[in-house]
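Worksheet: the structure to be examined is printed underneath.
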Amino acid sequence: MTIVIVGAGKTGFQISKMLAEAGHNVVVIDSREETLTELSENLDVMTVHGNGASGKVLKDAGLVNSDLFIAVTDSDEVNMVACMTAKHLSAKKTVARIRNPEYHGLSENGLSLTQLGIDVIISPEEAVAYEAFKFLRTPAATEVRYFADGKVQMLGFKVQENSPIAGMTVKDANITSCTIGAILRSGEVLVPHGGTHILAGDNIFIIGKTGAPTEIGWLVGTKDHTVRSVAILGGGRTGLLLAHYLEQNRRHIPIVKVIEHDEDTCHYLARELHHALVIRGDGAKPDIFHDNTIQSVDAFVALTGEDQTNLLAGYMAKHAGVKSVVVKLKREDYMPIASQMGIDATVIPRMIFSGTILRLIHNVNVVSLTLLGKGDLEVMEISLPHTAKICNKPLQNLGFPKGAIVGSVIRGDTIIIPRGNTVLLPGDRIVVFAMPSVVPHLEDCIK
């Protein structure tokens, strides 16, 4: 597959690396020659110096009829024009990163995405805000994902020392209402089997009918609690979006406080938000956490643009007695540090973006895709066609590759927890946990 990426910044670099390692033919276009030099020295990709929104640049580089075109420059307008140009040059699928929420309503004002030549829009701020909101609704979890239009729920839990299942094998744990689909241990993701031991300190990922995984929390030793008040550090687009989500759900979380150091931004937030308390303050300074205004909240979410600030603020909030702390991180290699600092959950925009891109390049009908750990495991919701090889056979006879497991089967409105004798049918949706290295073999089994 030939994939063109416009924009060689951090996001462009991450996506290029992921796709090149998967064996795709990747071409990166950027107007900054020094950025392209760094990229070509580190990755096995082709680079083109020029304007990615220019039809001439795309034609000269021989990029007509590309399989996937991804525009991730810092300019929404450039990304939109680049996708329009690429679609005009017969690109099969286009993706644009668009941050400005004013552009998300284009279809409501007479212009459809089809007319703009854009197949998929990704808004990092909106995605991060929604991820943080899901954590606040399920505060005992370290990971929250939904599949099958919300019918299936995957939750991550950290196994505590006092957990009844710490030291047991997956088989002995005998969890019948859900499936343990993955275990994150010391930075590595494992796809478990019946004999895999569950250890204290593991992060385990459990999937089942929505509501069922929540009930497993007591097994891992977590103390569930309800979030009724939240403090948000950072009043930028992401912080404002999260505050809007919370204001729309005041019945569940009625108290929202937004901390922002810039005075003009504080005034803007006060105008935009109807119920939230806006506080001018510096989240990197300990003083703010000595104030009962912050100590009294149930949850703290750090959404500034700096990883160091978010980590430091999250650490201070945790030690000030806040029960649930969520931080946004640009770099996934900070995840272990966040865990060691006692931070409950992390949200990484690039991982969300990468999951969307992976969904588009698979050779089977992937409805949704999420990445776990540092991208070491894919969780895919796959719709089975009538021609699927794995249909009408028991799971135990399918010869699934080692490193892949079916976590859930959705058949109409029925959610099935799969066992060895479960028979998949055409039209089923399955949620599969798979290591990236076995995905091609998995696709061969399904097609």
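The values are calculated or read from the model by the stated rules, or taken from the named source; none is laboratory data. Quick caveat: nothing in here was measured; it's all calculated off a predicted structure. Quick reminder, even Gly has a Cβ in these numbers, built from the backbone with ideal geometry, and neighbours come from all protein chains shown.
Can you name every residue in region 5-30 that is touching a helix residue (DSSP H, G or I) at 6+ places or on another chain (Cβ under 7 Å) and part of a strand (DSSP E or B)?
Result: Ile5, Val6, Val26, Val28, Ile29, Asp30.
Report, by residue number, each residue of region 28-55 that is surrounded by 20 or more Cβ atoms within 10 Å (Cβ to Cβ) and either within 17 Å of Leu360 (Cα to Cα) or of a type in the set (Gly, Ala, Ser) (or both).
Once the filter is applied, which keeps residues that are surrounded by 20 or more Cβ atoms within 10 Å (Cβ to Cβ) and either within 17 Å of Leu360 (Cα to Cα) or of a type in the set (Gly, Ala, Ser) (or both), region 28-55 yields Gly52, Ala53.
If I filter region 31-67 down to residues being assigned to a loop (DSSP other than H, G, I, E, B) and of a type in the set (S, T, N, Q), which single residue comes out as farthest from the chain's Cα centre (by Cα)?
Looking at the filtered set, the residue picked out is Ser54.
Which count do you get for residues in region 325-342 that are among the basic types (Lys, Arg) and touching a strand residue (DSSP E or B) at 6+ places or on another chain (Cβ under 7 Å)? I'd like the intermediate steps shown before the answer.
Taking region 325-342 as the starting set, the residues that turn out to be among the basic types (Lys, Arg) are 328, 330-331.
Still in the running and touching a strand residue (DSSP E or B) at 6+ places or on another chain (Cβ under 7 Å): 328.
Matching residues across region 325-342 total 1.
Can you report the number of residues in region 279-307 which are within 28 Å of the chain's Cα centre (by Cα) and either farther than 14 Å from Gly234 by Cβ or not acidic (Asp, Glu) (or both)?
12
Conditions tested, residue by residue: (1) touching a His at 6+ places or on another chain (Cβ under 7 Å); (2) free of Cβ contacts under 8 Å to residues at least 12 places away in the same chain.
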position: Lys257; (1), (2): no, no
position: His267; (1), (2): no, yes
position: Ala276; (1), (2): no, no
position: Asp282; (1), (2): yes, no
position: His290; (1), (2): no, no
position: Lys330; (1), (2): no, no
position: Ile357; (1), (2): no, no
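Of the residues Val45, Val57, only one is within 20 Å of Ile118 (Cα to Cα) and either among the small types (Gly, Ala, Ser) or in contact (Cβ under 8 Å) with a residue 24 or more places away in the chain (or both); which?
None of the others qualify; the one that does is Val57.
In region 343-374, how many are in contact with a strand residue (DSSP E or B) (Cβ under 7 Å, 6 or more places away or on another chain) and under 29 Å from Asp428 (Cα atoms)?
Summing the residues that are in contact with a strand residue (DSSP E or B) (Cβ under 7 Å, 6 or more places away or on another chain) and under 29 Å from Asp428 (Cα atoms) in region 343-374 gives 20.
Taking region 38-70 on its own, how many of its residues are within 18 Å of Ala20 (Cβ to Cβ) and of a type in the set (A, V, I, L, M)?
9
Give the residue that is farthest from the chain's Cα centre (by Cα), with candidates limited to residues of region 181-231 that are among the hydroxyl-bearing types (Ser, Thr, Tyr) and not in a loop (DSSP other than H, G, I, E, B).
Among them, the one singled out is Ser229.
Give me a count of the residues in region 216-275 that are of a type in the set (Val, Ile, Thr), at pLDDT 95 or above and surrounded by fewer than 17 Cβ atoms within 10 Å (Cβ to Cβ).
0
Test Pro164 against the stated conditions and say whether it is in contact with a Leu (Cβ under 6 Å, 6 or more places away or on another chain), of a type outside the set (Gly, Ala, Ser) and assigned to a loop (DSSP other than H, G, I, E, B).
Considered against the rule, which asks whether it is in contact with a Leu (Cβ under 6 Å, 6 or more places away or on another chain), of a type outside the set (Gly, Ala, Ser) and assigned to a loop (DSSP other than H, G, I, E, B), Pro164 comes out as yes.
Looking at Phe157, Phe135 in this structure, which one is crowded, with 21+ Cβ neighbours inside 10 Å, in a helix (DSSP H, G or I) and within 17 Å of the chain's Cα centre (by Cα)?
Only one candidate passes the filter, namely Phe135.
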